[in-house]
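For reference, the structure discussed in these notes is given below.
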Amino acid sequence: MRRDTTSWFSHNLGMEMPMVAYGHTGYPLLMFPTAAADYLEYERFLLVDAIKPFIESGLLRAYSINSVNRYSLLNEQASPQWKAELLTRYDRYIMEEVMPLIGDECGQDAKPLTTGASLGAFLAANCYFKHPDQFRGTIAMSGSYDIRSYLKNYFDDNVYFNNPMQYVANLNDNHHLPTLQKADSIVIVTGQGAFEAPERTKQFCGVLHQKGIPHLCELWGHDVNHDWDWWRKMLPYYLERFFR
């Protein structure tokens, strides 16, 4: 399996941002790490191995990037204002720096899928729902889609426009909402076992249903825990459905 790494200094984030790509060709998948982890996390925890058949067959080219969670939502020393601003800068990094690279390699009309688990599910969903004209869909696993608990009741535009539970619920425009209402690749999935919070998935799916946004909302069993064993099953399962 081909594996390419690169890194550059992000002018949006003011820090070095590495990336790894797996595969030689195929539909682009943009992967967001969990919690405060890095761009190699999905390789270390064998999620890349779980989707290796799609990569080696040329169906999929997977890109994995760093998050800024350790500096933003998970940084207890940072102000809520800075946490939210950094999420906006991260979004610009993706759209202005990562997406052109993917376009150069996969074609300028490529619309990647996004995916992530746990806090990575929030990042993947936020990226897609903010830019549904630039991405095909999302496979969000075991996530929470409301960031207000990280921000101590602080609120501004950066909070609002990085909080899918709020901005999706209030969509009433002639571009984003009609685009989302034509979606064919939105998966919001969670387990119901240890350390999972299925009510968060159900709440967000309720918003999508209310707005008429097609999606697949799935609650796996009560034995399905918030852990890698299950994410290694979930992601290839939904990729298989995507490629049918």
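The values are calculated or read from the model by the stated rules, or taken from the named source; none is laboratory data. What you see is a predicted model, and the numbers here were worked out from it, not measured in a lab. Virtual Cβ from ideal backbone geometry, glycine too; neighbours counted across all protein chains shown.
Checking the stated criteria, Ala121 turns out to be out of contact with any Cys (no Cβ under 6 Å at 6 or more places or on another chain), among the aliphatic types (A, V, I, L, M) and buried (at least 24 other Cβ atoms within 10 Å of the Cβ). Exactly one residue out of Glu76, Glu41, Glu56 is over 21 Å from Tyr238 (Cα atoms) and not β-branched (Val, Ile, Thr): that is Glu76. Gln210: modelled with pLDDT of 95 or more, over 20 Å from Tyr237 (Cβ atoms) and loosely packed, with under 14 Cβ neighbours inside 10 Å, yes or no? Yes.
Residue by residue, here is whether (1) surrounded by fewer than 19 Cβ atoms within 10 Å (Cβ to Cβ); (2) β-branched (Val, Ile, Thr); (3) closer than 17 Å to Ala124 by Cβ holds:
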residue: Val168; (1), (2), (3): no, yes, yes
residue: Leu177; (1), (2), (3): yes, no, no
residue: Ala183; (1), (2), (3): yes, no, yes
residue: Ala194; (1), (2), (3): yes, no, no
residue: Pro214; (1), (2), (3): yes, no, no
residue: Asn225; (1), (2), (3): yes, no, no
residue: Trp231; (1), (2), (3): no, no, yes
residue: Arg244; (1), (2), (3): yes, no, no
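Those residues that are touching a helix residue (DSSP H, G or I) at 6+ places or on another chain (Cβ under 8 Å) and of a type in the set (Ser, Thr, Tyr), I need them from the stretch 7-24; list them, please. Hits for the stretch 7-24 are Ser10, Tyr22.
In the stretch 151-166, the residue that is surrounded by the most Cβ atoms within 10 Å (Cβ to Cβ) out of those that are within 15 Å of the chain's Cα centre (by Cα) and of a type outside the set (A, V, I, L, M, F, W, C) is Asn162.
Elements of the type helices (runs of 4 or more DSSP H) sitting completely within the stretch 26-125 and holding at least 3 residues that are within 16 Å of the chain's Cα centre (by Cα): these cover 80-93.
Conditions (1) in contact with a His (Cβ under 6 Å, 6 or more places away or on another chain); (2) modelled with pLDDT of 95 or more; (3) under 16 Å from Gly116 (Cβ atoms), marked per residue:
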residue: Arg2; (1), (2), (3): yes, yes, no
residue: Ser10; (1), (2), (3): no, yes, no
residue: Gly14; (1), (2), (3): no, yes, no
residue: Pro18; (1), (2), (3): no, yes, no
residue: Ala21; (1), (2), (3): no, yes, no
residue: Gly26; (1), (2), (3): no, yes, no
residue: Ala35; (1), (2), (3): no, no, yes
residue: Asp38; (1), (2), (3): no, yes, yes
residue: Phe45; (1), (2), (3): no, yes, yes
